[in-house]
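Remarks on the structure that follows.
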Amino acid sequence: QVQLVESGGGVVQAGGSLRLSCAASGSIFSGTVMSWYRQAPGKRRELVAAITRGGSTNYADSVKGRFTISRDNAKNTAYLQMNSLKPEDTAVYYCNFVNGPYTSWGQGTQVTVSS
């Protein structure tokens, strides 16, 4: 069982920045993928960014060049640095942790970008 604790959401003006964190604890295997998803009201949950334990990354086209995902393997923590935020980035952001055959989700953190 893996527990995920997210932090860093909030309200920011367009053009501003926020940094999300997701800390995993529990029984963690060697091969893991940590990701951030988001879900806006009335929309499907979508992948924002993902990072493997080795550091390979993948981003949604809508955030490329603005968001950066990183991780600290020693702390089992993933980060999402969000710059040049836009109102359309407003959503609940969820951390996702693929740990061997298991998948865990964080509780979600609200990000609101005002115009």
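Looking at (1) under 22 Å from T112 (Cβ atoms); (2) out of contact with any Gly (no Cβ under 6 Å at 6 or more places or on another chain); (3) surrounded by 14 or more Cβ atoms within 10 Å (Cβ to Cβ); (4) in contact (Cβ under 8 Å) with a residue 12 or more places away in the chain, which is the one condition that is false for L85?
(2)
Report the residue count in region 13-29 for those that are over 14 Å from A78 (Cβ atoms), of a type in the set (G, A, S) and open to solvent by 50 Å² or more (accessible area, probe 1.4 Å). Spell out the reasoning first.
Within region 13-29, the first condition is being over 14 Å from A78 (Cβ atoms), and the residues that meet it are 13-18, 26-27, 29.
If we keep only those that are of a type in the set (G, A, S) as well, we get 14-17, 26-27.
Now drop any that are not open to solvent by 50 Å² or more (accessible area, probe 1.4 Å), which leaves 14-15, 17, 26-27.
Total satisfying the criteria: 5.
Taking only region 51-82 into account, find how many residues are at negative phi and in contact (Cβ under 8 Å) with a residue 40 or more places away in the chain.
Keep residues of region 51-82 that are at negative phi, which gives 51-54, 56-64, 66-75, 77-82.
With the extra rule that they be in contact (Cβ under 8 Å) with a residue 40 or more places away in the chain, the set shrinks to 75, 77-82.
Final tally of qualifying residues: 7.
List pairs: first residue in region 96-115 and over 22 Å from V11 (Cα atoms), second residue of a type in the set (A, V, I, L, M, F, W, C) and assigned to a loop (DSSP other than H, G, I, E, B) anywhere in the structure, Cβ distance under 9 angstrom, at least six positions apart or on different chains.
Every condition considered, the pairs that remain are F97/I28; N99/I28; N99/F29; G100/I28; G100/F29; P101/F29; Y102/F29.
Please enumerate the residues belonging to region 53-80 that are over 17 Å from V92 (Cα atoms), of a type in the set (S, T, N, Q) and either open to solvent by 50 Å² or more (accessible area, probe 1.4 Å) or outside any strand (DSSP E or B) (or both).
Result: S56, T57, N58, T68, N73, N76.
For region 88-115, enumerate the residues that are open to solvent by 20 Å² or more (accessible area, probe 1.4 Å) and aliphatic (A, V, I, L, M).
V92, V98, listed by residue number.
Is it the case that some residue within region 30-47 is in contact (Cβ under 8 Å) with a residue 60 or more places away in the chain, open to solvent by less than 60 Å² (accessible area, probe 1.4 Å) and not in a strand (DSSP E or B)?
Within region 30-47, one or more residues are in contact (Cβ under 8 Å) with a residue 60 or more places away in the chain, open to solvent by less than 60 Å² (accessible area, probe 1.4 Å) and not in a strand (DSSP E or B).
The values are calculated or read from the model by the stated rules, or taken from the named source; none is laboratory data. The structure displayed is predicted, hence computed values, not measured ones. Because the Cβ atoms are built from the backbone with ideal geometry, glycine has one as well, and the counts that use them run over all protein chains shown. The protein model used for the area step is the full one, side chains on, heavy atoms only, and it has no ligands, DNA or RNA in it. Shrake-Rupley method; radii C 1.70, N 1.55, O 1.52, S 1.80 Å.
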